[in-house]
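A.B. asks: Just passing along the structure, written as structure tokens.
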Amino acid sequence: MTENKINIFLRIRPTKKQLSNYEIIDEGQGLVIDIPKENQAVEVINNTKERHEFRFNKVFDREARQEEIFQDVAPRLPEICIAGRTNSGKSSLINHLLAKPGIARTSSRAGKTDEINLYMVNSSLILADFPVYTLLAPSCGRF
């Protein structure tokens, strides 16, 4: 009988605001959050603790790059790159292939995808949604 194991990872979202109330511990496998009592909302059920500790397979800090995260989180799978010209429907194609409208961000404005987005499909392959390439002259300053 095979053992089913669920791996849980945490990524601390990059923000411009400096956050000082957390600490990554145990070589990147734990997170401690300090919540001073004066900042806790009245609605908080258990406001007796000021220090909360959580365990994960790995914690990725705000500086972690998407490539680093995917290298640790995703197994080595075949990758299919979706690339094309500006506003050619790359993200719409991914939404259609995955049968999940809105999973890939779309817009009528050209160039909405501004970073490489990776989608794992049924733990068997990875779809990569690449930013646009354009035929505009570099001097236009848009891309």
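The values are calculated or read from the model by the stated rules, or taken from the named source; none is laboratory data. Fair warning: this is a prediction, and the values are worked out from it, not measured in the lab. Every residue, glycine as well, gets a Cβ built from its backbone with ideal geometry; the counts of neighbours run over all protein chains shown. Accessible surface is based on the protein model in full, side chains and every heavy atom, while ligands, DNA and RNA are left aside. Shrake-Rupley method; radii C 1.70, N 1.55, O 1.52, S 1.80 Å.
A.B. asks: Can you name every residue in the range 29-71 that is assigned to a helix (DSSP H, G or I), modelled with pLDDT under 75 and not polar (S, T, N, Q)?
C.D. replies: Let us first name the residues in the range 29-71 that are assigned to a helix (DSSP H, G or I), namely 37-39, 66-71.
Applying the additional criterion that residues be modelled with pLDDT under 75 yields 37-39.
The answer is Lys37, Glu38.
A.B. asks: Next question, about the same structure. Under 9 Å by Cβ, and 6 or more places apart or on different chains, what pairs join a residue from the range 53-81 that is in the same structural domain as Gly28 (by the TED database) and open to solvent by 70 Å² or more (accessible area, probe 1.4 Å) with one that is at pLDDT 85 or above and acidic (Asp, Glu)?
C.D. replies: If the second residue must be at pLDDT 85 or above and acidic (Asp, Glu), the pairs left are Arg55/Asp26.
A.B. asks: Could you check, for the range 107-117, whether at least one of its residues is at pLDDT 70 or above, within 23 Å of Arg13 (Cα to Cα) and in contact with a strand residue (DSSP E or B) (Cβ under 7 Å, 6 or more places away or on another chain)?
C.D. replies: The answer is yes, given that some residue of the range 107-117 is at pLDDT 70 or above, within 23 Å of Arg13 (Cα to Cα) and in contact with a strand residue (DSSP E or B) (Cβ under 7 Å, 6 or more places away or on another chain).
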